[in-house]
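Below is one structure, written out as structure tokens, with a few remarks after it.
The values are calculated or read from the model by the stated rules, or taken from the named source; none is laboratory data. Small disclaimer: the values here were computed from a predicted structure and weren't measured. FYI the Cβ positions are ideal-geometry reconstructions off the backbone, even for glycines, and counts take in every protein chain you see. Areas reflect the complete protein model, heavy atoms only, side chains present, ligands, DNA and RNA absent. Shrake-Rupley method; radii C 1.70, N 1.55, O 1.52, S 1.80 Å.
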Amino acid sequence: QVQVVESGGGLVQAGGSLRLSCVASGSIFHINAMGWYRQAPGKQRELVARFASDGSTPYADSVKGRFTFSADNAKTTVYLHMDSLKPEDTGTYYCHAKIRTGAFGDYLDYWGQGTQVTVSS
């Protein structure tokens, strides 16, 4: 069994900073990709930042220069440091990982429960 658990988030004024953390644990053989998505009320879930199997770390254009994504050496924990937060960054932030639980088989999608980020103006 695999668990993906986020922490961090909260309420902050515009211009402030927050740090999110996410840990993947359990029967993990390999993680192919892991990162952060967010969903604002009435909008679709969008990619914020993640690491991918090709070594790239794509960011959403709207957060470039303000958010910093990082991962530990084992690539089972990822972080999102958010600076210069804006009201439009408000939403539920979800951690996502593509994980294979054995030497064979497919990579499956695992999502955390989400953590709320609210930026007041």
*Leaving out ligands, DNA and RNA, what percent of the accessible area of the chain is carbon and sulfur, probe 1.4 Å?*
47 percent
*Report the residue, chosen from LEU18, LEU85, LEU108, that carries the largest GNM mean-square fluctuation when the chain is represented by alpha-carbon nodes joined by springs under 10 Å.*
LEU108
_Loop by DSSP (not H, G, I, E, B), at most 16 other beta-carbon atoms within 10 Å: where is the longest site-free stretch of the chain for chymotrypsin sites (Phe, Trp or Tyr not before Pro)?_
30-103
*Please state, rounded to one decimal and in Å, the Kirkwood hydrodynamic radius that the chain gives when every pair of distinct Cα atoms enters the mean of 1/r.*
14.5 Å
_Under 25 Å between alpha carbons, and skipping anything fewer than 8 positions from LYS75 in its own chain: which lysines qualify?_
LYS64, LYS98
